[in-house]
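A quick write-up on the structure given underneath.
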Protein chains: 2
Amino acid sequence: MSIKKRLETFRNYMSEKEIELSLIWEPDNQYYLSGFRAISYSRPIVTLISHDQTELIVPGLEEVHAAEKANVDKLYVYFEQIDMRHREVSYLDHLSKLLKTYPFGTKLGVEVEVLPSSVYLFLKQLGFELVDIGQKVVNMRAIKDEYEIERLKVAGKLSDYALDESLRHARVGISELEFDSCGDRLLLGIASKDYPEEIVGYEDWTCSGVKRSEKPHLYSSTRKFEDGDVVIHSRQVWFNGYRAENERTFFVGQPSEKQKDLLKLAVEAQQVGMDMIRPGITAKEVDLASYEVFNKAGYGEYVNHRVGHGLGLSEHEEPYLRFDNELVLQEGMVYTIEPGIYVPGLGGYRHSDTVILTKSGSYSITHYPRGIDSLIF
Amino acid sequence: MSIKKRLETFRNYMSEKEIELSLIWEPDNQYYLSGFRAISYSRPIVTLISHDQTELIVPGLEEVHAAEKANVDKLYVYFEQIDMRHREVSYLDHLSKLLKTYPFGTKLGVEVEVLPSSVYLFLKQLGFELVDIGQKVVNMRAIKDEYEIERLKVAGKLSDYALDESLRHARVGISELEFDSCGDRLLLGIASKDYPEEIVGYEDWTCSGVKRSEKPHLYSSTRKFEDGDVVIHSRQVWFNGYRAENERTFFVGQPSEKQKDLLKLAVEAQQVGMDMIRPGITAKEVDLASYEVFNKAGYGEYVNHRVGHGLGLSEHEEPYLRFDNELVLQEGMVYTIEPGIYVPGLGGYRHSDTVILTKSGSYSITHYPRGIDSLIF
């Protein structure tokens, strides 16, 4: 992972905008720029990037971890045990000390879309001029390098194994959560064998039956599959932080002709999107092309989300494939293609695959069959 | 779940502080005050609470879900498909409309510790006086009612099953992630049988071996257990949103005498904390009592985190059991008790149990044995 190169690009941007220092708050952005990620929750971690050095503020329980993993020049630790009461006991103690060396009116880069307002106000009060650098990091992260693409491919492969294994267990009486866990278990076994000492994770959501699949996103529940259910199974797998998404709509038992048609339509809309996405096309063109498939068939009103989102370190990454996004797509971008329709009384229909843009086109890193013949159990 | 009663309490606070309207951003706070929670990621959801009504702004793909689940008076939807381009296409479109009816200088309650600064600035620009209501919601959420405690107990029970099942699979050669998944699978099976059509979730982290367990928190990896490993297995299970935490330190093969002593010390420190916690005691007293056990034994310097955190809808909830927290504990509070030491070359030692404060004492909702005889595999 070329942290050095990323920092160079980021610092060039800071120079251009006359930003002296940037404060990075968002965990995935911190990982991107420092290589360090922790399970943090209630204990803030802060990365500071100046033109000369990078600094990291962590809670005591992350000291050893950060010393080992973080690509930073300086590490500051705050404590939460009584014997350290005369030292720093909050990240703000460090931040105050580090920031007071800068003169009034210094330009400080922050992620305004993410930074909590209490921290924003704290920085403002110290006399900084606050400037957004969030969009720059979004734009940098949107273009994946070779290292990132290799990790995404592994995630895609593992998600295929998991999807296949869960689908082998699709039957009346299995609950959504049990169905999910079949695939999880297999993927963890394969990952443990093939990729020793790496971080692998996953998240699944399954909406089974007409009533639940009418809603595009729900947490999996203990509801059991019933005969005739249409089911949307949604899955993300990450390998060392990089995520692939893999979703299939399938039937438990025989669907009606109408339901078959709806799934075929969703596959067609997805294929049109996958055929269209490539460098030089705008984000909105991909969205509109898929939408038009539904619309022409008379189902436009049952579309309620964009055709896809960026993917990488976060579950959803900007920029989005949305009807009003004029962005011109580039090589190295990664997108889900997942047009869907949700029809009252008939259920929801959506596959999602993850595609990587090449110089002249794109390819999918998820491969489970999409045709209806493979999706009736 | 008594949303009505919660809103009443919250509105009384708003009256007291002369707050006309509150904007709730944090998902768990929204769930607490409206009963609605979605997988949202990149699509903001906003809850507005005035003295007369509650309003909810959701993206199109959550419309059906929100109409079904949200205890609110009005629902506003924003869209992301081209045929809706003349309607609201961002949550800000709704927010602008809804907020412009309020006169300049109106007091608006926001969660300053959570609300993104971009939203804060947007609200400020509309002429509102922004006041923090985050701490009030924290305080309300800290005291659990009967409904919440019932859910926590189920979560505790499921976590015990899962912990037991994972520990049955502790052996040389199993990876951390495979070890986790044994318990996950069992708990999902039991939940599917005993609690139909409910939402259940879990999260595990396992740090195996001296090197990894020296760090209190790490994501589980594909590292395989080795003979002589000390392992910290950490697990949260949630049942309809309410979380129990259950952690055990154990050995794969025979530990050294020194390691046995360290685990015994951690158990003793935990027992002291569990014996002490009750209404009327301050948060810091619990922390200091457990710390003193380590300190007296000469291990104070190897403590690097507080003794426990609040628990409920979020992974970690304020207020914390920390050396500098003077808060007097009350009936209905829920805490983890999890003192730990992390000794270079010898590994980490920490059990965590979840306790609920009663009128005169407390009881644990997690029950796996804590003694060393039960924890060598």
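In chain B, the DSSP-assigned H stretches of four residues or longer account for a calculated mean residue ellipticity at 222 nm of -11500 deg cm²/dmol, using -39500 (n - 2.57) per stretch and the full residue count as denominator.
A label point on A:S256, set 7 Å along the Cα-to-Cβ line, lies at 7.1 nm from each of its counterparts in the other copies, closest listed first. Between identical copies, the spacing of A:V131 label points, each set 7 Å from Cα toward the C-beta atom, reads 3.7 nm from nearest to farthest.
Amide H contacts for A:R350 (H built 1.01 Å from N in the peptide plane; partners 5 or more residues away or on another chain; cut-off under 5 Å): A:T249.
Volume per residue for region B:259-306 equals 63 cubic angstrom (convex hull of Cα atoms). Proximity of backbone amide H atoms, modeled 1.01 Å from N, is registered between A:T54 and A:D73, A:K74 at under 5 Å, excluding neighbours fewer than 5 places apart on the same chain.
If a/c stays under 1.5 just call it rounded; otherwise compare a/b with b/c (prolate if a/b is bigger, oblate if not). Do that for region B:3-141, with a ≥ b ≥ c from the square roots of the Cα gyration tensor eigenvalues.
oblate
Anisotropy class assigned to region B:314-377 is oblate, per the alpha carbon gyration tensor with a/c at or over the 1.5 cut-off and a/b no larger than b/c. Other protein chain C-beta atoms within 10 Å of residue C-beta, averaged over A:221-231: 3.
Computed on the Cα trace of chain B, the radius of gyration divided by the Kirkwood hydrodynamic radius gives Rg/Rh = 1.03.
Counting beta carbons within 10 Å around each of A:C182, B:C207 and listing the fewest first gives the order A:C182, B:C207. The angle separating the long axis of helix B:257-276 from the principal Cα axis of greatest extent in chain B is about 40 degrees.
With point charges of +1 on the Cβ of Lys and Arg and -1 on the Cβ of Asp and Glu, referenced to the Cα centre of chain B, which listed residue (B:Y91, B:Y242, B:L177) lies farthest in the positive direction of the dipole? It is B:L177, whose Cα lies furthest towards the positive end. How big is the gap, in Å, between the Cα center of region A:101-144 and the Cα center of region B:261-278? Here the two parts' Cα centres lie 43 Å apart. Taking the number of Cβ atoms within 10 Å of each Cβ as an exposure proxy, the fewest-first ranking of B:D73, B:D353 is B:D73, B:D353. Mind jotting down the distance between the C-alpha centroids of region A:15-33 and region B:303-363, whole Å? Each part's Cα centre sits 34 Å from the other's. Note that region B:123-139 has calculated 3J(HN,Hα) couplings of 5, 4, 5, 6, x, 7, 8, 9, 10, 6, 10, x, 5, 4, 5, 4, 5 Hz, one per residue in order, obtained from phi through the Karplus relation 6.51 cos²θ - 1.76 cosθ + 1.60 (θ = phi - 60°); glycine and proline are x. Over the C-alpha trace of region B:264-377, radius of gyration and Dmax come out as 13.6, 43 angstrom. In order along region A:65-79, the Karplus-derived 3J(HN,Hα) couplings, from 6.51 cos²θ - 1.76 cosθ + 1.60 at θ = phi - 60°, round to 4, 5, 4, 7, 10, 7, 8, 10, 7, 9, 10, 10, 10, 10, 10 Hz, and Gly and Pro are given as x.
The mean number of partner chain beta-carbon atoms within 10 angstrom of a residue's beta-carbon across peptide A:185-195 is 5.
Once the convex hull of all Cα atoms in region B:88-154 is built, its volume per residue stands at 140 Å³.
Listing A:E26, B:E292 from fewest to most neighbouring C-beta atoms within 10 Å gives B:E292, A:E26. Is the protein assembly as shown best put as rounded, prolate or oblate by its Cα gyration tensor, with a ≥ b ≥ c the root eigenvalues, rounded for a/c under 1.5, and otherwise prolate when a/b is larger than b/c, oblate when not? The shape class here is rounded. The calculated FRET efficiency for B:S42 paired with B:E326, based on their beta-carbon distance and R0 = 41 Å, is about 0.55. Basic side chains Lys and Arg get +1 at the Cβ, acidic Asp and Glu get -1 at the Cβ, and with that the dipole of region A:143-374 about its Cα centre reaches some 480 debye.
Counting Cβ atoms of other protein chains within 10 Å of each Cβ in B:309-316 and taking the mean gives 2.
In region B:286-364, what trypsin sites (Lys or Arg not before Pro) fall in a loop by DSSP, with at most 12 other Cβ atoms inside 10 Å?
B:K359
Throughout, read-outs are computed from the coordinates displayed, never taken from laboratory work. Every value quoted in this text rests on a predicted model; they were computed, and no experiment measured them. All Cβ positions, even for glycine, are placed from backbone atoms using ideal geometry, and neighbour counts span all protein chains on display.
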